[in-house]
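Student: One structure is given below, represented as structure tokens, and several questions about it will come after.
The values are calculated or read from the model by the stated rules, or taken from the named source; none is laboratory data. Everything numeric in this text was worked out from a predicted model, so none of it was measured. Counting neighbours? That spans all protein chains shown, and the Cβs are built from the backbone with ideal geometry, glycine included. Each accessible area value is taken on the protein alone, full model and side chains, heavy atoms only, with ligands, DNA and RNA left out. Shrake-Rupley method; radii C 1.70, N 1.55, O 1.52, S 1.80 Å.
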Amino acid sequence: MIEIPVNIPGQPTSVLVYRGALESFAAVLKTHGTATLPRRALVCFDRNCAVHANHAVRTLRAEGVAVSEFGLEATESAKSVRAVETIWDAALAARLDRGDCLVAIGGGIIGDLVGFAAATYLRGIRVIQVPTTLLAMVDAAIGGKTGVNRTLPDGGLGKNLVGAFWQPSITIVDANTLRTLGKRELRAGLAECVKHGLIADLELFHDIRKNADALSNNDTTAIDRLLPRAILVKTAIVARDPLERGERAKLNLGHTFGHAIETLPLSSGNLLHGEAVAIGICAAATTAKSMEMINADEQTAITNTLASCGLPQRFEGTTTVDDVLRRMGFDKKNEGGKLKLILPRGLGACEIVSEPPESAVREGLRAIGIHS
Ligand SMILES: NC(=O)c1ccc[n+]([C@@H]2O[C@H](COP(=O)([O-])OP(=O)(O)OC[C@H]3O[C@@H](n4cnc5c(N)ncnc54)[C@H](O)[C@@H]3O)[C@@H](O)[C@H]2O)c1
């Protein structure tokens, strides 16, 4: 068991990495970090994670907590204000007051939705994040970004455009929940781990490459070694810049490209968020190479590491460079209509670049298979 404090001024929180935590959930809340046992709780869970939610509910009830349960669908189209309204209504029906709490059990979609409901219900009640995907364990369930998608003026899906910063009182990472996660979803989480290595931890980056097979197969030793390292990159940045006034934007490496292609249709179905991030990192690497921020060997190391994790490096649908550039214009980081990109500077560091040369961005998009 490892407890990682997140020292946000005025809002201290923590991440507890503990296999089996859900089976002693109430005891964990009583004895760890920033959480306490509530009188009433609304446990909101991804319907694909009911088996994990049951453990938490059972232990809370055994301690006398009045628990209500609420199952949610985890799709990007269901990550909406409508879904948040259903959570508010369930919280009202459960008569939750400001001393009570919401518990979010699921991947990033559920965490973002339930977090936003907690940020807004009664102008804010506590939320406990229990991530069940690798992606949410190392990224989405940490740092307090919550929110929903909106439809763009052209009818496309605008990712996470409405939301709030709302820190969880604790994030509880129980890697046993990964046992029911599909291999494709597990690999999608490795994309965010590669991102964390590229941003700030070169050793983590190399470790992922070396252990890619074991990690993709949910090997306990490899995952247990990965989790605290990958989490520490995020918690350190969030503690220094909780409201994304500067450095925190670095965690968006690959995301401006990734968000722009994530909701485009593919002949073979839709991309998972982590898959879109992997493709976005490849586009960022080519853009950085063309701006001489990384060299050819470093670019190859990035694409090879993503490939060793079984992650895609090209967009296989039909769209145009102009269409993707237009979509990138809706990114939250942009200011005054000016594009802002996060690009690697060598391996293990990156920079926030305002108004990168359009020719370099277009080259990045062509490298991932998007043509004019
Ligand atoms: N708030 C943040 O800082 C932040 C950071 C990164 C990503 N995100 C958001 O997170 C979302 C992606 O999250 P995700 O990759 O965790 O995916 P997800 O929540 O979409 O879950 C992926 C799939 O796995 C299923 N699932 C989840 N856990 C499972 C388990 N243990 N067993 C079986 N099935 C399981 C879900 O039902 C879903 O079908 C995106 O909406 C993205 O915008 C937010």
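Student: Measuring from the lowest to the highest alpha carbon on each principal axis, how far does region 93-198 reach, largest first, in angstroms?
Tutor: That gives 41, 39, 26 Å along the principal axes, largest extent first.
Student: Now for a separate question. Per-residue counts of other Cβ atoms within 10 Å, averaged by peptide: what ranking do you get for 185-197, 61-73, highest first?
Tutor: 185-197, 61-73
Student: Separate question: Long-range amide H contacts for residue 158: which residues qualify at under 5 Å (H placed 1.01 Å from N, peptide plane, sequence gap of 5 or more or a different chain)?
Tutor: 150, 151, 152
Student: So, for region 199-367, what is the accessible surface per residue at a probe of 1.4 Å, expressed in square angstrom?
Tutor: 42
Student: How high is the relative contact order of region 2-181, in percent, counting Cα pairs under 8 Å that sit 6 or more residues apart?
Tutor: Value for region 2-181: 24 percent.
Student: Could I ask something else about it? Report the full-extension gain for the segment residue 209 to residue 296: residue separation times 0.36 nm, less the Cα-Cα distance, to one decimal in nm.
Tutor: Working it through step by step, the gained length comes to 29.6 nm.
Student: To the nearest Å, what is the center-to-center distance of region 175-245 and region 324-358, using C-alpha atoms only?
Tutor: If we compute the Cα centre of each part, the gap is 23 Å.
Student: Can you work out the Karplus-derived ³J(HN,Hα) for every residue in region 219-236? Use 6.51 cos²θ - 1.76 cosθ + 1.60 with θ = phi - 60°, whole Hz, and x for glycine or proline.
Tutor: Karplus-based 3J(HN,Hα) across region 219-236 equals 5, 4, 5, 5, 5, 5, 6, 5, 3, x, 5, 5, 5, 4, 4, 5, 5, 5 Hz.
Student: Okay, next question. In Å and whole numbers, how far do the C-alpha atoms of region 74-123 stretch along each principal axis, longest first?
Tutor: 29, 18, 17
Student: Could you work out how far helix 81-93 tilts from the main Cα principal axis of the chain, as a 0 to 90 degree angle to the nearest 10?
Tutor: Roughly 10 degrees, rounded to the nearest 10.
Student: Moving on. Which value in deg cm²/dmol, rounded to the nearest 500, describes the helix-derived mean residue ellipticity at 222 nm for the chain, given -39,500 (n - 2.57) per DSSP H run of n ≥ 4 and division by the residue count?
Tutor: -13000 deg cm²/dmol, from helical runs alone.
Student: So for region 199-367, taking the charge dipole from beta-carbon charges (+1 Lys/Arg, -1 Asp/Glu), which of 312, 283, 300 sits furthest toward the positive end?
Tutor: With unit charges placed on the Cβ atoms, the residue in question is 283.
Student: Continuing with this model, one more query. Just want the answer: with Cβ charges of +1 for Lys and Arg and -1 for Asp and Glu, which residue in 171, 158, 92 is farthest toward the dipole's positive end in region 2-181?
Tutor: 92
Student: Which percent, nearest 5, of DSSP beta bridges in region 1-148 are antiparallel?
Tutor: Beta bridges within region 1-148, antiparallel portion: roughly 20 percent.
Student: In region 2-181, how does Rg compare with the Kirkwood Rh, expressed as the Rg/Rh ratio over alpha carbon atoms?
Tutor: 0.94
Student: Please tell me which of these pairs span more than 24 angstrom C-alpha to C-alpha: 79/289; 250/338; 145/210; 145/340?
Tutor: Flagged as over cut-off: 79/289; 145/210.
Student: Relative contact order of the chain: what whole-number percent is it, with Cα pairs under 8 angstrom and at least 6 residues apart?
Tutor: This gives 14 percent for the chain.
Student: Also, quick follow-up: In a Gaussian network model over the chain where Cα atoms closer than 10 Å are linked, find which of 306, 266, 22 has the largest mean-square fluctuation.
Tutor: 266
Student: Computing the accessible area with a 1.4 Å probe over protein heavy atoms, can you report the carbon and sulfur percentage for region 199-367?
Tutor: Carbon and sulfur: 47 percent of the exposed surface of region 199-367.
Student: Sticking with this structure for a sec: Take every DSSP beta bridge with both residues inside the chain and express the antiparallel ones as a percent of the total, to the nearest 5.
Tutor: 45
Student: Turning to a different aspect of this structure: More than 32 Å apart: what percent of Cα pairs in the chain qualify?
Tutor: The share of Cα pairs beyond 32 Å in the chain comes to 28 percent.
Student: Right, here's the next one. Highest mean first, how do 148-161, 106-119 rank when packing is the count of other Cβ atoms within 10 Å averaged over residues?
Tutor: 106-119, 148-161
Student: While we're here: Using only the alpha-carbon atoms, how far is helix 183-200 inclined from the longest principal axis of the chain? Give it as 0 to 90 degrees, nearest 10.
Tutor: 70
Student: Could you rank the peptides 208-221, 278-291, 169-182 by their average count of other C-beta atoms within 10 Å per residue, with the highest value first?
Tutor: The packing order, highest mean first, is 278-291, 169-182, 208-221.
Student: In nm, what is the difference between 0.36 nm times the number of residues separating residue 73 and residue 154 and their Cα-Cα distance?
Tutor: 26.6 nm
Student: Search the structure for amide H atoms under 5 Å from the amide H of residue 126, placed 1.01 Å from N in the peptide plane, and list their residues when 5 or more places away or on another chain.
Tutor: The list, which skips near neighbours in sequence, is 102.
Student: Determine one quarter of the surface area of the Cα convex hull of region 199-367, which equals its mean projected area, and express it in nm² to one decimal.
Tutor: That works out to 9.7 nm², a quarter of the Cα hull's surface.
Student: Taking Cα atoms, how many degrees apart are the long axis of helix 273-290 and the longest axis of the chain, rounded to 10 and kept between 0 and 90?
Tutor: 30
Student: Taking θ as phi - 60°, what are the ³J(HN,Hα) couplings along region 120-134 by the Karplus curve (6.51, -1.76, 1.60), each to the nearest whole Hz, with x for Gly and Pro?
Tutor: So the J values, rounded to whole Hz, are 10, 5, 6, 6, x, 10, 4, 9, 10, 9, 10, x, 10, 10, 4.
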